[in-house]
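The values are calculated or read from the model by the stated rules, or taken from the named source; none is laboratory data. No experiment lies behind these values; they were computed from the predicted model shown. Don't worry about glycine lacking a Cβ; one is built from the backbone with ideal geometry, like all the others, and counts go over all protein chains shown.
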Amino acid sequence: MTDTASWRGSRIARIDHWLVRMPLAEVILWGSGKRSGTTRLVVRLETEDGIIGWGETISLIDTVPAVLERIVIPLAIGYEISDAERLHRNVLGAGYYHHKRAAVMAMAAVEMAMWDALGHKAGLPLWALWGGKWRSAVEASAYIFVSDPARVTDTARRFLDQGFETFKIKIGVSKESDIPLVEAVRSVVGGRDIRADVNGAWTPGTARRQLARLAPYDLAYVEQPLELDDLAGHAELRQCQLVPIALDESAYTLSDVGNIVRAGAADVVLLDPHEAGGCWQVIKQAAICEAVGIPVTLHSGGELALSQAAYVHLAASIPNMGLAIDTEKTYLAGDIAPDGPRLEGGKFPVPQRPGLGVTPDIAALERYRVDGISGAYLDPGKPGWFPVKPAY
């Protein structure tokens, strides 16, 4: 008989947090505006028996810090660090089942810190707690934020020289630039994988026309061609043409992924623990897709060291996450930890230390601390401009 009395849990006694903004080494242009930095919310929890856990989440809108401070942290105090699923349901049960997209990002930071603390308590890296190491290195895609076909080849060539084998292009800026951007990158990278992200900019008719024009370039997939709510439209695109369809903004929560599978709306699904409400939710989302043969990968929102480590642990342990994960790491002007994951030839080696394997520098957190969120959307250089979905 198993001696269950030998397990001694660890309850959360304290949670501190920092809102930080990391400048980017170069400005990013995309369909929703201009970004010169990435704003992240970092938490540090401490248990009653002195175990430390760190977590991080994306912070694009003002609801994220507010929900963290007013709902998630008060609920989490006293929780066992092993009860990630229960905390997730507790936050939703506090009224946020009506407002999942306001809650997922806030709870993701604490959930990640719980896993980090549990890994330290067990003396195991997180991939070992999530089923074991399926792969020993995680491929990353080169993220190209250039909307000028005349300049995109230089960026593609730079990433190629760094060893990347998968390339992601932001299209969806204009009907005139979509095809030339893909054509230019294909001319540089040869037969390597190219994926193109539309960010929901196309109407259904434009999508059919543009996908027909893109077919000769053999894309690995086109991401989010239509608005995020249009699962029926994405399902129709899968039936009427040959370019694989990937969904990202449509696939935040566990229920979102279930609806995508029911609708037959995607060939590939991009997941994100910050947008799902935690790492455990991503593991469940991936399992839904695995059951029907759909590969998954990870969306990037400017991860710093903690979230980047969580991404690598997830990709190391999830069998159907064999596609290169998105990363904006090459654009960061700095980081919050000296021991975060490092890109080597377009791949991340899998961490071996307990938990996330990352220890943030408190001085760096204080240096990059900010009071509010700025620069996630819109473009200061275009007064009065705002993105419209679909755009054309």
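Cβ-Cβ under 9 Å, sequence separation 6+ or interchain: first residue in the range 33-61 and closer than 30 Å to SER82 by Cβ, partner of a type in the set (Phe, Trp, Tyr) and crowded, with 24+ Cβ neighbours inside 10 Å. Which pairs?
That search, which allows pairs on different chains as well, returns VAL42/TRP54; VAL43/TRP54; ARG44/TRP54; LEU45/TRP54; GLY53/TRP115; GLY55/TRP115.
State yes or no: is TRP134 outside any helix (DSSP H, G or I), over 30 Å from GLU236 (Cα atoms) and in contact with a Ser or Thr (Cβ under 8 Å, 6 or more places away or on another chain)?
yes
Among the residues of the range 246-280, write down those that are on the phi > 0 side of the Ramachandran plot and crowded, with 18+ Cβ neighbours inside 10 Å.
GLY277, GLY278
Hey, can you tell me all the residues within the range 97-128 that are under 15 Å from HIS313 (Cα atoms), buried (at least 19 other Cβ atoms within 10 Å of the Cβ) and hydrophobic (A, V, I, L, M, F, W, C)?
MET112, ALA113, MET114, TRP115, ALA117, LEU118, LEU126, TRP127 - these are the residues of the range 97-128 that are under 15 Å from HIS313 (Cα atoms), buried (at least 19 other Cβ atoms within 10 Å of the Cβ) and hydrophobic (A, V, I, L, M, F, W, C).
This table checks each residue for (1) crowded, with 16+ Cβ neighbours inside 10 Å; (2) of a type outside the set (Phe, Trp, Tyr); (3) within 30 Å of SER174 (Cβ to Cβ).
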residue: ALA13; (1), (2), (3): no, yes, no
residue: ILE28; (1), (2), (3): yes, yes, yes
residue: GLY33; (1), (2), (3): yes, yes, yes
residue: GLU48; (1), (2), (3): no, yes, no
residue: GLY55; (1), (2), (3): yes, yes, no
residue: ASP62; (1), (2), (3): no, yes, no
residue: GLU69; (1), (2), (3): no, yes, no
residue: VAL72; (1), (2), (3): yes, yes, no
residue: ILE77; (1), (2), (3): no, yes, no
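Got a number for residues in the range 311-370 being surrounded by fewer than 16 Cβ atoms within 10 Å (Cβ to Cβ), more than 16 Å from the chain's Cα centre (by Cα) and either of a type outside the set (D, E, K, R) or under 30 Å from TYR221 (Cβ atoms) (or both)?
Number of matching residues: 12.
List pairs: first in the range 92-119 and touching a residue at least 60 places away in the same chain (Cβ under 8 Å), second among the polar types (S, T, N, Q) and surrounded by fewer than 15 Cβ atoms within 10 Å (Cβ to Cβ), Cβ under 9 Å, 6+ apart or cross-chain?
Partner pairs satisfying both residue conditions: LYS100/SER255.
Within the range 141-194, restricting attention to residues that are aromatic (Phe, Trp, Tyr) and in a loop (DSSP other than H, G, I, E, B), which residue is surrounded by the most Cβ atoms within 10 Å (Cβ to Cβ)?
Checking each candidate, the answer is PHE164.
Being farther than 22 Å from SER141 by Cβ, out of contact with any His (no Cβ under 7 Å at 6 or more places or on another chain) and not assigned by TED's automatic domain parsing to the domain that holds MET22 narrows it down to one of LYS347, LYS389, LYS329, so name that one.
LYS389 is the lone residue from the list that is farther than 22 Å from SER141 by Cβ, out of contact with any His (no Cβ under 7 Å at 6 or more places or on another chain) and not assigned by TED's automatic domain parsing to the domain that holds MET22.
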